[in-house]
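Okay, so here's the structure we're looking at.
The values are calculated or read from the model by the stated rules, or taken from the named source; none is laboratory data. The model shown is predicted, which means the values in this text are computed figures rather than measured ones. Here the Cβ positions follow ideal geometry from the backbone for every residue, glycine too, while neighbour counts run over all protein chains shown. Ligands, DNA and RNA are excluded from the accessible area calculation, which covers all protein heavy atoms including side chains. Shrake-Rupley method; radii C 1.70, N 1.55, O 1.52, S 1.80 Å.
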Amino acid sequence: MTFQTELQNEASSKLSVQRVSKRFGAGARTVHALDQVSLDVGEGEFVCLVGPSGCGKSTLLNIIAGLDSADDGRVFTDGAPVNAPGRDRMMMFQESALFPWLDVLDNVLFGLRLKPSLTTAERRRVAEFYLELVGLGKFHHAYIHELSGGMKQRVALARALAPNPRVLLMDEPFAALDALTREHLYGDLQRIWQERKKTIVFVTHNVREACCLGDRVVLFSPHPGRIQEQFKIDLPRPRDINSVDLARYSTKITAALKNYARSETGILKEVAE
Ligand code: ADP
Ligand code: MG
């Protein structure tokens, strides 16, 4: 496969999570991280998972990535069962997990090491293409410690995109960044998603962020981790996180989130009394 066909054959995939359950611990200490969670994500769809800390968002992403396994239920990409990590599902974390001993270009090239179909020169051109796409065309030879938090996440995004995964999994990738840096990244991620037509599952506890990025927002509640409600975000792109239209969605979803948190407290109170 040449550099050109590699870039033209943009891969995207349908994802299906079917009745996935996951428990940690045993006996009275068992944590029901996920309970019968089912979710279908369409090809090229951008889905955001929101919910309070501990509701199983990261656990679900790890299972989709093949980094962890479900106790019950299954995950499929394009009809094929997911049993292990693979280049078709790349993951991006809150901490960029970049290699400090490599420069920016070599960090992105590292993600391409499992692409035997490309020559060394082609791999380099693919890496350069993605660094340009994330706005780091002039930073190929910078080292990771020389970069700001936002730039590190841009390198991590280029590294995740370069192998042309069918699904991009993002676990609170912007949570540690300041508000202004995040806003730049919201704009760039929307542009990149539209250009490259990726299927994205994006985890966040920030409702506005979810409304800004997602075609759909999936609301989780904890103990046990379950999907409570889903919201289609019908706003044109690119979206501005500060827009009034977006605020309407985030107000509605935040109210739903509080409602589930309240009913959970209610149950706990009942048990305690
Ligand atoms: P979220 O990402 O929504 O904050 P997680 O998926 O990290 O939630 O965790 C869901 C629940 O499972 C939490 O109660 C957490 O403490 C528990 N949990 C997650 N991973 C482990 C683990 N490896 N061992 C024990 N408990 C875990
Ligand atoms: Mg998490």
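Here residue 219 fulfils each of the conditions (1) closer than 30 Å to residue 28 by Cβ; (2) surrounded by fewer than 21 Cβ atoms within 10 Å (Cβ to Cβ) apart from (2).
Residue-level analysis places residue 56 among those that are closer than 30 Å to residue 234 by Cβ, within 16 Å of ligand 2 (Cβ to nearest atom) and either surrounded by 14 or more Cβ atoms within 10 Å (Cβ to Cβ) or not assigned by TED's automatic domain parsing to the domain that holds residue 147 (or both).
Tell me, yes or no, whether the stretch 62-70 has at least one residue that is outside the structural domain of residue 17 (by TED's automatic domain parsing), surrounded by 15 or more Cβ atoms within 10 Å (Cβ to Cβ) and more than 16 Å from ligand 2 (Cβ to nearest atom). So far as the stretch 62-70 goes, no, none of its residues is outside the structural domain of residue 17 (by TED's automatic domain parsing), surrounded by 15 or more Cβ atoms within 10 Å (Cβ to Cβ) and more than 16 Å from ligand 2 (Cβ to nearest atom). The sole residue among 75, 37, 41 that is modelled with pLDDT of 95 or more, away from ligand 2 (no atom under 16 Å from the Cβ), crowded, with 17+ Cβ neighbours inside 10 Å and farther than 19 Å from residue 213 by Cβ is 75.
Looking across the stretch 44-53 at every residue that is open to solvent by less than 20 Å² (accessible area, probe 1.4 Å) and within 9 Å of ligand 1 (Cβ to nearest atom), the one that is modelled with the lowest pLDDT is identified as 51.
Considering only helices (runs of 4 or more DSSP H) fully contained in the stretch 102-201, which possess at least 1 residues that are outside the structural domain of residue 12 (by TED's automatic domain parsing), over 21 Å from the mean Cα position of the chain (by Cα) and surrounded by fewer than 17 Cβ atoms within 10 Å (Cβ to Cβ)? Give the derivation first.
Working: elements: 104-110, 120-133, 149-161, 179-196.
So the answer is 104-110, 120-133.
For first residues located in the stretch 165-189 and under 14 Å from residue 208 (Cβ atoms) and modelled with pLDDT of 95 or more, partners that are more than 16 Å from ligand 2 (Cβ to nearest atom) and of a type in the set (Val, Ile, Thr) and lie 6+ apart or on another chain with Cβ distances below 7 Å form the pairs 183/241; 186/241. If you go through the stretch 205-220 and keep only what is farther than 18 Å from residue 63 by Cβ, within 16 Å of ligand 2 (Cβ to nearest atom) and in a strand (DSSP E or B), you end up with just 219. Residue 81 falls short on exactly one of the conditions (1) under 28 Å from residue 176 (Cα atoms); (2) loosely packed, with under 14 Cβ neighbours inside 10 Å, and that condition is (1).
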